[in-house]
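Visitor: One structure coming up, written as structure tokens, with questions to follow.
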Amino acid sequence: MRSRNTPLVNPIENPRPCTDSLGSAFFTIPTNMPPWFIASQSPQRLWTNEPFQESLHFCLGAFCLSEYHKQWLEKHLNVPVVSLLHPTVVREKKFSIEAFHLNPDKKLSKSAIG
């Protein structure tokens, strides 16, 4: 969890709680992942991290990418959790850089690990 005023730091190398403002958390790594898959960032590992626990006091809500993950988070958090379903099917309407440039209300998001 990071607020707008908190500088970017590597939370693995230098864990610090986010305590300067209220914010939200976005969980992209689900529970029960195999140990070889970014195990250090799994929710189970996060919940053992003291700075992360301190940051939760300032968390207003959480986002994740599946209903399964949402149900797990709701059991472990005392804030609202929203599941944003990531599209997995090919749509007829595809991205166009020309249309993006012509759009006066541009928005951009990133969905990736790392």
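The values are calculated or read from the model by the stated rules, or taken from the named source; none is laboratory data. Quick caveat: nothing in here was measured; it's all calculated off a predicted structure. Counting neighbours? That spans all protein chains shown, and the Cβs are built from the backbone with ideal geometry, glycine included.
Visitor: Determine whether region 83-93 contains at least one residue that is touching a residue at least 12 places away in the same chain (Cβ under 8 Å), of a type outside the set (Lys, Arg) and surrounded by 11 or more Cβ atoms within 10 Å (Cβ to Cβ).
Guide: First, pick out the residues of region 83-93 that are touching a residue at least 12 places away in the same chain (Cβ under 8 Å): 83-86.
From what's left, of a type outside the set (Lys, Arg): 83-86.
This time we only want the ones that are surrounded by 11 or more Cβ atoms within 10 Å (Cβ to Cβ), so: 83-84.
Yes, region 83-93 contains at least one residue that is touching a residue at least 12 places away in the same chain (Cβ under 8 Å), of a type outside the set (Lys, Arg) and surrounded by 11 or more Cβ atoms within 10 Å (Cβ to Cβ).
Residue by residue, here is whether (1) small (Gly, Ala, Ser); (2) modelled with pLDDT of 85 or more holds:
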position	(1), (2)
LEU60	no, yes
SER66	yes, yes
LYS75	no, yes
ASN78	no, yes
SER83	yes, yes
PHE95	no, no
HIS101	no, yes
LYS110	no, no
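Visitor: Something else about it: Return the total of residues in region 25-45 being among the hydroxyl-bearing types (Ser, Thr, Tyr) and loosely packed, with under 14 Cβ neighbours inside 10 Å. Spell out the reasoning first.
Guide: Residues of region 25-45 that are among the hydroxyl-bearing types (Ser, Thr, Tyr), as a first pass: 28, 31, 40, 42.
Checking the rest, the ones that are also loosely packed, with under 14 Cβ neighbours inside 10 Å come to 40.
Matching residues across region 25-45 total 1.
Visitor: Shifting gears a bit: When you scan region 1-34, how many residues do you find that are part of a loop (DSSP other than H, G, I, E, B) and either within 20 Å of VAL79 (Cβ to Cβ) or at pLDDT 75 or above (or both)?
Guide: The qualifying residues number 20.
Visitor: Restricting region 64-80 to residues that are closer than 12 Å to PRO43 by Cβ and in contact with a helix residue (DSSP H, G or I) (Cβ under 9 Å, 6 or more places away or on another chain), which is surrounded by the fewest Cβ atoms within 10 Å (Cβ to Cβ)?
Guide: If we take residues in region 64-80 being closer than 12 Å to PRO43 by Cβ and in contact with a helix residue (DSSP H, G or I) (Cβ under 9 Å, 6 or more places away or on another chain), then HIS76 is surrounded by the fewest Cβ atoms within 10 Å (Cβ to Cβ).
Visitor: Given the conditions (1) more than 19 Å from GLY23 (Cβ to Cβ); (2) in a loop (DSSP other than H, G, I, E, B); (3) in contact with a strand residue (DSSP E or B) (Cβ under 9 Å, 6 or more places away or on another chain), and given that VAL79 satisfies all but one, which numbered condition is not satisfied?
Guide: Among (1) more than 19 Å from GLY23 (Cβ to Cβ); (2) in a loop (DSSP other than H, G, I, E, B); (3) in contact with a strand residue (DSSP E or B) (Cβ under 9 Å, 6 or more places away or on another chain), VAL79 violates only (1).
Visitor: Select from region 40-57 the residues that are under 15 Å from the mean Cα position of the chain (by Cα) and not in a helix (DSSP H, G or I) and write down the one among them that is nearest to LYS75 (Cα to Cα).
Guide: TRP47
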